[in-house]
Amino acid sequence: MKRLLILLSIILVALPTIAQDSLVIYKKDGTKVPFVLAEVDSIKFVNKPNVKVNSISLNRAAIGLLQGNIYTLQADVDYEGTISPIIEWSSSDASIATVDSNGNVSPQKAGSVTITATSHGKQAQCAITVVANGESVYRHGYSELNESDKAIYNYILKQILAFESNATTYSDINHRVYLDFASQGMSVDQNKVMKLTNLIIKDVPEAYMLVNYIYRYDYSKYQYYLRVIISYTPEKYAEEMAQIYEACNTITASITPTTSEFDKAKIIHDGFIDWADYGGVSNANCGNITGSFITKKAVCEGFSRAYLMLCQRVGLKCVYVTGSMMTSSTNETWGNHAWNVTEVDDVWYMVDITGDGGFPGLCGHSNFLIGTNTYSSNYKYESTGGANENTDSVGYTSLPTISATDYDWAERP
């Protein structure tokens, strides 16, 4: 009897004299369920597929992405059944990176996020590290480039972060990251590769896995390549960057959209000094942000790169610079050094966070937002190789003009 009623209902709906804006469906217990067609775009009757998923995996377990560069994760599903199982994609933090139904990951802002692919109870994950691009944060070297060189800079950085071509070990020291400029329609020469890579090392604290800016050329592939320290894998990099971003978030936690630029600069200055100590010279990471934020032991290079990263996180313009500092006025001896110049309220000042802290119990402000009247006789803007940073082919074209006087801070000690 129920089958007859269902058939009759379908026939009545099909008749042209009957209003076709609704459909009556009968449940197993004989009750009627109205279906208003005017509120439904389409109706699909699908039998529950008989599918068993044994496992699911992704083509990458971890990857670093430059903000704005979409990357497609590919899922491999081992299953039993007659049809392909549906894969559901999700992001642990959509403000950092989103993912669509096809596995296309869209990085939104700097941070760490996990992308998960799920199918019939089985999951696979990819740890994503998103690094900000030169349009969303101030990168001094990047700001000096023309549009063509910016595109090359971004391509090099993208390849570095993704550890592309990093699967093969060519020695016991380094991995190779290949740069296929021809496939990108880019015209480069050896000087440009060196210059742009060196600017990335100065601009992007997150590029610490590079050995240095010196490129190599593989004549068997007709491609340039850069060298990555062999101990760094995409998985290790993602793990470390998650810790570093968490540390940055802790230090900047009190900063809000209404916090003044001066307060931002002081909060991260004081917060980082409380976070890390000077030391770890024997540690290979003392000159980068892993020493600064993870082991909490670093030297001036690591301190200055950390301050640069914190400034970028809170929207302050900042530049990482190297040179030398007078270590003895008596004999006028100089030692290699690194520090920052930072813009506050449209004026550039020097910040030497190493000089203000670095030692337990010490947090001074003698080197915080100071002008040339205070530091010019004790600092030289020179690279450790002795070349002037303003003219060297692998350095900045120029540096911001520093204020002649210190920032007017009433509470300055």
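The values are calculated or read from the model by the stated rules, or taken from the named source; none is laboratory data. Computed from a predicted structure; not experimentally measured. Here Cβ is always computed from backbone atoms with ideal geometry, including for glycine, and neighbour counts include all displayed protein chains. The protein model used for the area step is the full one, side chains on, heavy atoms only, and it has no ligands, DNA or RNA in it. Shrake-Rupley method; radii C 1.70, N 1.55, O 1.52, S 1.80 Å.
Between 352, 346, the distinction of being over 21 Å from the mean Cα position of the chain (by Cα), among the acidic types (Asp, Glu), open to solvent by 10 Å² or more (accessible area, probe 1.4 Å) and modelled with pLDDT of 90 or more belongs to 346 only.
For (1) over 18 Å from residue 275 (Cα atoms); (2) at pLDDT below 95, each residue gets a yes or a no:
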residue	(1), (2)
288	no, yes
297	no, yes
306	no, no
333	yes, yes
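The requirement of being out of contact with any Pro (no Cβ under 8 Å at 6 or more places or on another chain), at pLDDT below 95 and not charged (D, E, K, R) is satisfied by residue 165. Residues in the range 356-413 that are open to solvent by 50 Å² or more (accessible area, probe 1.4 Å), among the aliphatic types (A, V, I, L, M) and at pLDDT 85 or above: 404 only. Of everything in the range 289-314 that is assigned to a helix (DSSP H, G or I) and open to solvent by 10 Å² or more (accessible area, probe 1.4 Å), the residue that is nearest to residue 257 (Cα to Cα) is 314. Only one of the numbered conditions (1) of a type in the set (Ser, Thr, Tyr); (2) closer than 27 Å to residue 235 by Cβ; (3) modelled with pLDDT under 95; (4) open to solvent by 40 Å² or more (accessible area, probe 1.4 Å) is violated by residue 119, and that is (4). Among the residues of the range 93-135, how many are in a loop (DSSP other than H, G, I, E, B) and of a type outside the set (Lys, Arg)? Residues in the range 93-135 being in a loop (DSSP other than H, G, I, E, B) and of a type outside the set (Lys, Arg): 16 in total. For first residues located in the range 143-159 and under 14 Å from residue 132 (Cα atoms), partners that are open to solvent by 40 Å² or more (accessible area, probe 1.4 Å) and lie 6+ apart or on another chain with Cβ distances below 6 Å form the pairs 155/184; 158/69. Being of a type outside the set (Val, Ile, Thr), within 17 Å of the chain's Cα centre (by Cα) and in a loop (DSSP other than H, G, I, E, B) is a condition met by no residue of the range 72-88.
For the range 269-286, name all the residues that are acidic (Asp, Glu) and open to solvent by less than 50 Å² (accessible area, probe 1.4 Å).
Across the range 269-286, the qualifying residues are 270, 277.
The one condition from (1) touching a strand residue (DSSP E or B) at 6+ places or on another chain (Cβ under 6 Å); (2) in contact (Cβ under 8 Å) with a residue 12 or more places away in the chain; (3) farther than 30 Å from residue 96 by Cβ that residue 333 does not meet is (2).
Of the residues screened, residue 317 is one that is surrounded by fewer than 24 Cβ atoms within 10 Å (Cβ to Cβ), under 20 Å from residue 142 (Cα atoms) and in contact with a Phe, Trp or Tyr (Cβ under 9 Å, 6 or more places away or on another chain). Within the range 73-103, take every residue that is loosely packed, with under 11 Cβ neighbours inside 10 Å and of a type in the set (Val, Ile, Thr) and give me the one that is modelled with the highest pLDDT. Within the range 73-103, the match that is modelled with the highest pLDDT is 83.
Residue 213 - would you say it is more than 23 Å from residue 140 (Cβ to Cβ) and either of a type in the set (S, T, N, Q) or not in a helix (DSSP H, G or I) (or both)? The answer is no for residue 213. When 138, 153 are screened for being modelled with pLDDT of 95 or more, closer than 26 Å to residue 397 by Cβ and outside any helix (DSSP H, G or I), only 138 passes.
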